[in-house]
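The values are calculated or read from the model by the stated rules, or taken from the named source; none is laboratory data. None of the values given here were measured: they were computed from a predicted structure. In this analysis, Cβ positions are derived from the backbone assuming ideal geometry, glycine residues included, and neighbour counts consider all displayed protein chains.
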Amino acid sequence: MSAHADSMPVPLHLGTGDALLVVDVQCDFLPGGALGVAGGDAVVPVLNAWLQLFAARGLPCVFSRDWHPADHVSFAARGGPWPPHCVAGTPGAEFAVGLDVPADAHVVSKATGADADAYSAFQGTGLADWLRRHDIRRLFVGGLATDYCVRASVLDALAEGFDTCLLGDAVRAVDVTPGDGERAIAAMRERGARLLTLQEVQA
Ligand code: VGL
Ligand code: ZN
């Protein structure tokens, strides 16, 4: 992306064809949770502001959730990289307290089988078809974590042909290796994601 494009943002107006995707803002990914992401709780008020913008315009909001069985392959007991987290039906798998999930939100659960992981909200959920059925062309994506499920979801959204905006102030990274989050943001932008903040749409 050129310096010119960065310094001359296109004015942003939300309207028909736009949808919001909130990725995995679940208790286990918040500080103190089983797989707590530093600063993960800070995305909640920013996402609530985005949710309000979308709700006010009658635009669809989608929530993904990590929804694993207790013996999931990604857990350390089975040689996976993660501590047990987001076990379906447990308190840790609930959406963050204070996240304003609308009553009519479309919720997609992912990585629900024991033997496969799925970082992307598009993987095995029918999300791309759902968005097309609702005539969505542009997707705004925020949530947790930047370097795993947000990254995979944004890259899939782009591959599925959606104009994709990453909500830069509404994501946080696991950062297993320092810089993972920043590298993920760079990779998403390289593939065509537009990096946005709440201020830009409120202005
Ligand atoms: C995630 C690690 C393991 C995520 C899910 O939502 O980013 N990260 N499972
Ligand atoms: Zn997981």
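Looking at (1) at positive phi; (2) in contact (Cβ under 8 Å) with a residue 60 or more places away in the chain, can you tell me which one Gly98 breaks?
It fails just one condition, (2).
Is the stretch 140-148 home to any residue that is more than 13 Å from ligand 1 (Cβ to nearest atom), in a helix (DSSP H, G or I) and at pLDDT 95 or above? If you could, list the steps in order and put the result at the bottom.
First pass over the stretch 140-148, keeping only residues more than 13 Å from ligand 1 (Cβ to nearest atom): 140.
Now restrict to residues that are in a helix (DSSP H, G or I): none.
Within the stretch 140-148 (the criterion being more than 13 Å from ligand 1 (Cβ to nearest atom), in a helix (DSSP H, G or I) and at pLDDT 95 or above), the answer is no, since none of the residues qualifies.
Check Val97 against each of (1) part of a loop (DSSP other than H, G, I, E, B); (2) away from ligand 1 (no atom under 16 Å from the Cβ); (3) of a type in the set (Val, Ile, Thr); (4) surrounded by 15 or more Cβ atoms within 10 Å (Cβ to Cβ) and name the one condition it does not meet.
(4)
Please tell me if Val37 is buried (at least 17 other Cβ atoms within 10 Å of the Cβ) and touching a residue at least 60 places away in the same chain (Cβ under 8 Å).
The answer is yes for Val37.
Can you tell me which residue among Ala128, Ala121, Ala152 is within 16 Å of ligand 2 (Cβ to nearest atom) and surrounded by fewer than 24 Cβ atoms within 10 Å (Cβ to Cβ)?
Working: Ala128 fails: within 16 Å of ligand 2 (Cβ to nearest atom); Ala121 fails: surrounded by fewer than 24 Cβ atoms within 10 Å (Cβ to Cβ).
Going through Ala128, Ala121, Ala152 in turn, just one is within 16 Å of ligand 2 (Cβ to nearest atom) and surrounded by fewer than 24 Cβ atoms within 10 Å (Cβ to Cβ): Ala152.
Going residue by residue through the stretch 159-168, is there one that turns out to be assigned to a helix (DSSP H, G or I), over 17 Å from Asp18 (Cβ atoms) and more than 14 Å from ligand 1 (Cβ to nearest atom)? Show your work before the answer.
Filtering the stretch 159-168 for residues assigned to a helix (DSSP H, G or I) gives 159.
Of the ones still in play, those that are also over 17 Å from Asp18 (Cβ atoms) are 159.
Among the residues that remain, those that are also more than 14 Å from ligand 1 (Cβ to nearest atom) are: 159.
Yes, there is a match, as at least one residue in the stretch 159-168 is assigned to a helix (DSSP H, G or I), over 17 Å from Asp18 (Cβ atoms) and more than 14 Å from ligand 1 (Cβ to nearest atom).
Are there any pairs with C-beta distances below 8 angstrom linking a residue in the stretch 44-60 that is farther than 14 Å from Val22 by Cα to a residue that is loosely packed, with under 15 Cβ neighbours inside 10 Å and at pLDDT 95 or above, with the two at least 6 apart or on different chains, and if so which?
Arg57/Gly15
Can you name the condition, by its number, that Thr112 falls short on among (1) modelled with pLDDT of 95 or more; (2) out of contact with any Phe, Trp or Tyr (no Cβ under 6 Å at 6 or more places or on another chain)?
Thr112 satisfies every listed condition except (2).
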